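Asker: Sharing a structure, written as structure tokens. Questions coming.
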Amino acid sequence: MSNHHQVIIIGSGPAGFTAALYSSRANLDVVVFEGQQPGGQLTITTEVENYPGFEHGIQGPEMMEVFRKQAQRFGAKSIYETISKVNFSNRPFKVWSEKGEYTADSVIISTGATAKLLGTKGEDTYWGGGISACATCDGFFFRGEKIFVVGGGDTAMEEANFLARFGESVTVVHRRSEFRASKIMVDRAKANPKINFILDSEIEEYLGEKSTTGMNKLTSVRLKNLITGETSVHAAGGVFVAIGHKPNTEIFNGIIDMNEVGYINTIGKSTYTNVAGVFACGDAQDSVYRQAITAAGSGCSAAIDAERWLEEQVGH
Ligand code: NDP
């Protein structure tokens, strides 16, 4: 395969593969750099119930396999490498992975977002030894344990419900008494007899047993009530942090315009960035909707924008 392509897509979630599907069907030479998490965030979720067209729902990993195959049917190719550096100051644009340099006439950024962590004392020490940010990935390991979930959004509610299948109990710790999550998700969690809530509170410290040979093991958490200032220690076999996401846009710092928290700014209703020929879609540029269907929709827009822009530049 040549190292030059008409369209390079960076990121392999619903936005990236929809962009790949549309671009390859427009008869463009397209490659998708799949990155560190091929298929994106949906590969670490369970059932997707709200993607139109799947009346009875579909498992996230399976859905992304379908996305990939549909794009490949029209000639899009996947490269299982991670882009770590870009240079968009001249054309052709240059991008670099661990394997080398690639060039492109146009680039579509669909790098998505990653789960945020608390940064609380002990998080590094017990990471992977009881602390996780992905219930779907790690829930299975916490059978019969007292599990804590941090956060008050839809993700926290969804993870609490999922983890209740495995844990002896699930305690949702949220820093306020109001939930950001939708009412239906909160009601579902409240109706689950294994789930309880500790509100107006945060984890002040993760506590456990340190090991000199193997993995450190989390055994409890110290919680702090943010209204009274009181602290209390609770036995905990696992903590799942579910406090939102951060866009994966560091490699574009200083090159592509972003907002103050790193979401890429696109122009008007288009997917144009500040660099002509570079387009952005999906969770890397959408801090508001962040759904698979909206990501896919913006991936389609990016492909159409790129195709029209290429047509204006060079013809194809
Ligand atoms: P959100 O940003 O919606 O919620 C994050 C939660 O974490 C908030 O309750 C927030 O508290 C809390 N939080 C943030 N930072 C901290 C911190 N440092 N310490 C303690 N708590 C913190 O993120 P989600 O991941 O829950 O959801 C993202 C989007 O995905 C939403 O649009 C959501 O609707 C959607 N989603 C939909 C699902 C579905 O429909 N099935 C499932 C999962 C997600 P506070 O409220 O005080 O700010």
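Asker: Taking the range 181-210 only, how many residues are in contact (Cβ under 8 Å) with a residue 60 or more places away in the chain and more than 27 Å from the chain's Cα centre (by Cα)?
Answerer: Of the residues in that region, 3 qualify.
Each row is one residue, and each column tells you yes or no for (1) in the same structural domain as residue 129 (by TED's automatic domain parsing); (2) of a type outside the set (Val, Ile, Thr); (3) within 16 Å of the ligand (Cβ to nearest atom).
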| residue | (1), (2), (3) |
| --- | --- |
| 233 | yes, no, no |
| 253 | no, yes, no |
| 256 | no, no, no |
| 259 | no, yes, yes |
| 262 | no, yes, yes |
| 270 | no, yes, no |
| 275 | no, no, no |
| 281 | no, yes, no |
| 292 | no, yes, yes |
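Asker: Moving on. Residue check, residue 57 against (1) surrounded by 18 or more Cβ atoms within 10 Å (Cβ to Cβ); (2) touching a strand residue (DSSP E or B) at 6+ places or on another chain (Cβ under 8 Å), all met but one. Which one?
Answerer: Of everything listed in (1) surrounded by 18 or more Cβ atoms within 10 Å (Cβ to Cβ); (2) touching a strand residue (DSSP E or B) at 6+ places or on another chain (Cβ under 8 Å), residue 57 misses just condition (1).
Asker: Scan the range 249-261 and give yes if some residue there is in a loop (DSSP other than H, G, I, E, B), open to solvent by less than 40 Å² (accessible area, probe 1.4 Å) and closer than 24 Å to residue 23 by Cα, otherwise no.
Answerer: yes
Asker: Under 6 Å by Cβ, and 6 or more places apart or on different chains, what pairs join a residue from the range 63-92 that is part of a loop (DSSP other than H, G, I, E, B) with one that is surrounded by fewer than 16 Cβ atoms within 10 Å (Cβ to Cβ) and at pLDDT below 95?
Answerer: Correct list of pairs: 82/36.
Asker: For the range 109-160, give me each residue that is within 13 Å of the ligand (Cβ to nearest atom), touching a helix residue (DSSP H, G or I) at 6+ places or on another chain (Cβ under 6 Å), part of a helix (DSSP H, G or I) and more than 13 Å from residue 173 (Cα to Cα).
Answerer: Once the filter is applied, which keeps residues that are within 13 Å of the ligand (Cβ to nearest atom), touching a helix residue (DSSP H, G or I) at 6+ places or on another chain (Cβ under 6 Å), part of a helix (DSSP H, G or I) and more than 13 Å from residue 173 (Cα to Cα), the range 109-160 yields 135, 136, 154.
Asker: Quick check on my filter: what residues within the range 17-54 are at pLDDT 95 or above, open to solvent by 40 Å² or more (accessible area, probe 1.4 Å) and within 17 Å of the chain's Cα centre (by Cα)?
Answerer: 38
Asker: Now for a different question. Got a sec? Which of 145, 158 is among the acidic types (Asp, Glu) and farther than 22 Å from residue 207 by Cβ? Write out each step before concluding.
Answerer: Numbers: 145 fails: farther than 22 Å from residue 207 by Cβ.
From the options 145, 158, the qualifying one is 158.
Asker: Select, from 283, 305, the only residue that is over 29 Å from residue 158 (Cβ atoms), charged (D, E, K, R) and modelled with pLDDT of 95 or more. I'd like the intermediate steps shown before the answer.
Answerer: Working: 283 fails: over 29 Å from residue 158 (Cβ atoms).
The unique qualifying residue is 305.
Asker: Could I ask something else about it? Identify the single condition in (1) at positive phi; (2) surrounded by fewer than 19 Cβ atoms within 10 Å (Cβ to Cβ) that residue 99 does not satisfy, given that it satisfies every other one.
Answerer: Unmet for residue 99, out of (1) at positive phi; (2) surrounded by fewer than 19 Cβ atoms within 10 Å (Cβ to Cβ): (1).
Asker: Check 135, 160 and return the single one that is buried (at least 22 other Cβ atoms within 10 Å of the Cβ) and modelled with pLDDT under 95.
Answerer: Only one candidate qualifies: 135.
The values are calculated or read from the model by the stated rules, or taken from the named source; none is laboratory data. Since this is a predicted model, take the numbers as computed values, not measurements. Using ideal geometry, Cβ is built from the backbone for each residue, glycine included, and neighbour counts are taken over all protein chains shown. These area figures cover heavy atoms from the full protein model, side chains too; ligands, DNA and RNA do not enter into them. Shrake-Rupley method; radii C 1.70, N 1.55, O 1.52, S 1.80 Å.
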